[in-house]
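Here the structure is laid out as structure tokens; the discussion comes afterwards.
The values are calculated or read from the model by the stated rules, or taken from the named source; none is laboratory data. It should be emphasised that the depicted structure is a prediction, and the values quoted were computed from it without experimental measurement. Positions of Cβ are generated from backbone atoms using ideal geometry, with glycine treated the same way; all protein chains shown enter the neighbour counts. Side chains are part of the model used for accessible areas, which takes the heavy atoms of the whole protein and leaves out ligands, DNA and RNA. Shrake-Rupley method; radii C 1.70, N 1.55, O 1.52, S 1.80 Å.
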Amino acid sequence: MSILVIGATGTVGSLVVQGLAREGASVTALVRRPGQAALPAGVKRVVGDLTDIASLRQAMAGVRTLFLLNALAADEVTQSLQALGVAREAGIQRIVYLSVIHADLYTDVPHFAGKHTVERMIESLDLPATILRPAYFMQNDIGIQPVIEQHGVFPMPIGGIGCAMVDVRDIADIAVAELLRRDRAAGPLPRHTLEVVGPELIDGAGAAATWSRALGREVRYGGDDLQAFEAQLAGRMPAWMAYDLRLMMGRIQALGHVPAAGAAQRLQALLGRPLRSYAAFVAERVAGG
């Protein structure tokens, strides 16, 4: 029986597939189109869509363990609830779901509130699942690196409270560890939730200072203007998505992505190594990594 990875071609999901393959697991990757994305040797490809119940049922036949990652979408809640419903019908009792930190607190942010709805389904039906709640991805800043380097401005309006920024490679490694722990257990394991975070809080000024040190020249924080942030995004994505991300940034400014005490230490114990720092990530990017 295999581990089915939903979200297998994305930033985190592709790393999860690679990590599972390295561990010798039997892996099936759900993709939307035949030939989409190169997969590691030995990984089975199955074509399906979270809005197509028949394809989901076919993909989950013979699956023992499920990794569910759903990208930001207007119908994300429906897609995720349907995926878990079909998994439940298929008798899958080993699940890892990628949610988001503070899903229960960001009540006005659609994609956070949606993930909290999925968490509530997992909890109310007592599905045997690990809920992973990652903070702000360090790799979010890859897209703004040209602005930082060309204009000396860190433009992401994350405010002054701070985010426990986490490297997506650490998220994937934690997901792989949880998937294998559940997959290799004799029976279903109790449900639990993990905040997936980095080793320190980084605010807007701190992020700018980190880039300044790595580049050897001044980088300033661009400030907290959410209206300008939304306007910049609107030229590159649907208006509903730009507004969703604006609301997210407003909550980050108000509440941050601050984990519970000891969250980073628990993750380091699980991985058996230190978590990657934002400074190391920035240094790698500046060096061309």
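Between the alpha-carbon centres of segment 39-59 and segment 174-250 there is a gap of 28 Å.
Computed over protein heavy atoms with a 1.4 Å probe, the carbon and sulfur contribution to the accessible area of the chain reaches 52%. Given the chain, report the % of alpha carbon pairs whose separation exceeds 29 Å. Result: 35 percent of Cα pairs exceed 29 Å.
Electrostatic bookkeeping for G42 treats Lys and Arg as +1 and Asp and Glu as -1; over the other residues with beta carbon under 12 Å from its beta carbon, the sum is +2.
Taken over segment 60-143, the alpha-carbon convex hull comes to 107 cubic angstrom per residue. Note on A287 and Q232: the model spin-label points, each 7 Å out from Cα along the C-beta direction, lie 2.7 nm apart.
In the context of the full set of protein chains, the chain has a per residue accessible area of 43 Å² (1.4 Å probe).
Comparing Cα centroids, segment 8-25 and segment 83-112 end up 19 angstrom apart. Kindly state, to the nearest 0.05, the FRET efficiency for A38 paired with I142, given R0 = 22 Å and r defined as their beta-carbon distance. E(calc), rounded to 0.05, equals 0.65. Note: relative contact order over the chain, using C-alpha pairs below 8 Å and six or more positions apart, is 18 percent. Applying 1/(1 + (r/R0)^6) with r as the Cβ-Cβ distance of A185 and A74 and R0 = 41 angstrom yields a FRET efficiency of 0.70. For the pair R45 and R220, label points projected 7 Å from Cα toward Cβ lie 4.9 nm apart. For segment 22-45, there are no residues whose amide N sits under 16 Å from a probe point set 7 Å from the Cα of W240 along the beta carbon direction. Within segment 1-150, antiparallel bridges make up roughly 0 percent of the DSSP beta bridges whose residues both belong there. For a paramagnetic label modelled on D104 (point 7 Å from Cα along Cα→Cβ), amide N atoms under 17 Å away are absent within segment 58-94. Once the C-beta distance of Q150 and L255 is scaled by a Förster radius of 30 Å, the resulting FRET efficiency is 0.45 to the nearest 0.05.
Charged neighbours of R133, selected by a Cβ distance under 11 Å, balance to -2 (K, R count +1; D, E count -1).
By DSSP, the beta bridges lying fully in the chain are antiparallel in about 5 percent of cases.
The slack between E23 and L270, meaning 0.36 nm per residue of separation minus the straight C-alpha distance, is 87.3 nm. Selection among I6, G24, P259 by position relative to the dipole of the chain gives G24 as farthest towards the positive end (Cβ unit charges, Cα centre).
From helices alone, the chain scores -14000 deg cm²/dmol at 222 nm; the rule is -39500 (n - 2.57) for each run of n ≥ 4 DSSP H residues, then divide by the residue total.
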